[in-house]
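Since the structure comes first, as structure tokens, the remarks are kept for the end.
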Amino acid sequence: MGRRVLLLLCLLLSGAASQAADSTGRKLLYTFPVREQIMPSTVRLTAKCLDEARRMGADAILVRMNTYGGLVDAADSVRSALLDCPVPVWVFIDNQAASAGALIALAADSIYMRPGGSIGAASVVDASGRPMPDKFQSFMRATMRATAEAHGRVVDRIDGTDTLWRWHRDPKIAEAMVGISSGDSTTTGVLTLTAEEAEAAHYSEGRASSVEEVLAAAGASDYAVYEYRPTGMDRLLGWLTNPLVQSIFVMMIVGGIYFELQTPGIGFPLAVALLGTVLYFAPLYVEGLARHWELILFVAGLLLIAVEIFVLPGFGVAGVVGIAAVVTGLACAAVDNELFRHVASGEISPAELLRPFGVVIGGGTAALVVSIWLGRRFLTGSSPLRERIVLTASMAPEEGYTGHPVSLRELVGRTATVASVLRPSGRVVLDGAYYEAVSLDGFYIGRGERVTVVRAEGGLLYCRMQESPDENAPEREEKR
């Protein structure tokens, strides 16, 4: 009896979970967009949305696509994720599915196209649009064929007692979208299908102009549609990773360090530099762009600069290497590390990777120029704000502070008067100015005695009592 109750409870819980997506019991369609170039960020977006759709109990997933392509490896990762997804995946080509976008679209269980849209042109090209060697084209042709074959065969028609089968999507058509490599490093016969041609070739299940028409074409009339929208955190991360905002963070880092070196102690400038560092690196870590080695390189660069400033004389190798390490760490943190291996193949132009270096160098240079101007303005100028942020107290002679306008070495050989007892250190007066002094022989020399300056070192005058008949000499000898 207890087992039956437990089984009944499990059935009830599973039934409740299956209805969690929609309180009315309708099926759920989860949609998300792919509208940018196919990059590693597309892989992360797809993985996130597929996982969320499964957790929500979605009955189907619709990808709204409009892209001209991107990186082959990123498209292959998205393709694999769609093929392995246990939930049926539909793709709505809301204009274009070119190049890498065509590969992703072929991975879907069903394809719907907007009238006037197209799919195809999947040959592999470099950053300038030139076809890559046949090694790359051969891989792409095989990948397109395999993707089409993954959907198997369907019944074409029944002719009497014979059942005729066809590929759900013809692999030869998928291969033709890559084209044929010629001996002169060009690709010919690259196939691109319009919406009508794709439907006739069984490469799309129908034409539609909206998600509602896609549902109608799929015969899904009782679906609740959930559209993925960027969250507040997504928008915040997008704003924080904007190149303009990143350059501001770089200015905070450089400016904060500069002002911290110009003022004594540890205070507000260092806090600004630390805040800029956190705001720069944190969103890049969340997005999966930054790696540990980039932060370590940045910190190591700062340490080398500190060593150059505080330990080594002048400015040499340690300072130059430190600056290079800081710039490289900041710039590489803003680049997905997966892109570096595509530079040699030509899929990514080196200019695309140099943009973060431009942001860092430009922001750092601007921060240094502004910091120098502000430093002259507020640290040494006469602005009213200077007195609020800079210690401007003066030590006037009438308050007991004195300075020495002449070099102490110029006083050697001259005669001074003891102003406070030398025991053996004290003070002497010479030409109305007071100096710190030490009795050279270690004798106690009383106030008012006249002494001769023998040498000057370390800001002190070393004095010897002048020879003169004095009955108190034996007493001073005893005090020695």
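The residue list Ile119, Ile93, Ile158, Ile111 contains one member that is assigned to a strand (DSSP E or B), in contact with a Gly (Cβ under 7 Å, 6 or more places away or on another chain) and among the β-branched types (Val, Ile, Thr), which is Ile93. The number of residues in region 417-459 that are under 14 Å from Ser407 (Cα atoms) and among the aromatic types (Phe, Trp, Tyr) comes to 2.
Yes/no per residue for (1) part of a helix (DSSP H, G or I); (2) touching a Phe, Trp or Tyr at 6+ places or on another chain (Cβ under 8 Å):
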| residue | (1), (2) |
| --- | --- |
| Ala198 | yes, no |
| Tyr203 | no, no |
| Val214 | yes, yes |
| Arg229 | no, no |
| Leu236 | yes, no |
| Ile248 | yes, no |
| Met251 | yes, no |
| Pro269 | yes, yes |
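Of all the listed residues (Ala121, Ala102, Ala74), the sole one being closer than 13 Å to Met177 by Cα, assigned by TED's automatic domain parsing to the domain that holds Ser138 and surrounded by 23 or more Cβ atoms within 10 Å (Cβ to Cβ) is Ala102.
Taken as a whole, the condition of being in contact with an Asp or Glu (Cβ under 6 Å, 6 or more places away or on another chain) and closer than 26 Å to Pro88 by Cα applies to Leu164.
Of the residues that sit in region 427-471 and are surrounded by 10 or more Cβ atoms within 10 Å (Cβ to Cβ) and at pLDDT below 75, which one is farthest from Glu410 (Cα to Cα)? Restricting to residues being surrounded by 10 or more Cβ atoms within 10 Å (Cβ to Cβ) and at pLDDT below 75, the top hit is Asp470. Among the residues of region 182-200, just one is more than 15 Å from Ala105 (Cα to Cα), among the small types (Gly, Ala, Ser) and at pLDDT 90 or above, namely Ala200. A single member of Arg166, Arg157, Arg153, Arg141 is within 37 Å of the chain's Cα centre (by Cα), in the same structural domain as Glu212 (by TED's automatic domain parsing) and basic (Lys, Arg), and it is Arg141. Taking region 214-250 only, how many residues are closer than 30 Å to Arg26 by Cα and in contact (Cβ under 8 Å) with a residue 40 or more places away in the chain? Selection size over region 214-250: 12.
Applying the criterion of being acidic (Asp, Glu) and over 39 Å from the mean Cα position of the chain (by Cα) to the residues of region 213-232, the residue that is surrounded by the most Cβ atoms within 10 Å (Cβ to Cβ) is Glu213. The number of residues in region 135-170 that are touching a His at 6+ places or on another chain (Cβ under 9 Å) and on the phi > 0 side of the Ramachandran plot comes to 1.
Looking for something at positive phi, assigned by TED's automatic domain parsing to the domain that holds Phe357 and without any contact (Cβ under 8 Å) to a residue 60 or more places away in the chain - is there at least one such residue anywhere in region 313-322? Yes: region 313-322 contains one or more residues that are at positive phi, assigned by TED's automatic domain parsing to the domain that holds Phe357 and without any contact (Cβ under 8 Å) to a residue 60 or more places away in the chain. The listed residues are Phe249, Phe259, and the only one of them that is outside the structural domain of Ile61 (by TED's automatic domain parsing), out of contact with any Cys (no Cβ under 6 Å at 6 or more places or on another chain), aromatic (Phe, Trp, Tyr) and modelled with pLDDT of 85 or more turns out to be Phe249. If the condition is being closer than 17 Å to Trp90 by Cα and of a type in the set (A, V, I, L, M), then region 28-42 contributes Leu28, Leu29, Val34. Within region 447-464, restricting attention to residues that are in contact (Cβ under 8 Å) with a residue 24 or more places away in the chain, assigned to a strand (DSSP E or B) and farther than 14 Å from Leu430 by Cβ, the residue that is farthest from the chain's Cα centre (by Cα) is Arg464.
The values are calculated or read from the model by the stated rules, or taken from the named source; none is laboratory data. Remember, it's a predicted structure, so these values are computed and weren't measured experimentally. So basically every Cβ, Gly included, is an ideal-geometry build from the backbone, and we count neighbours across all protein chains shown.
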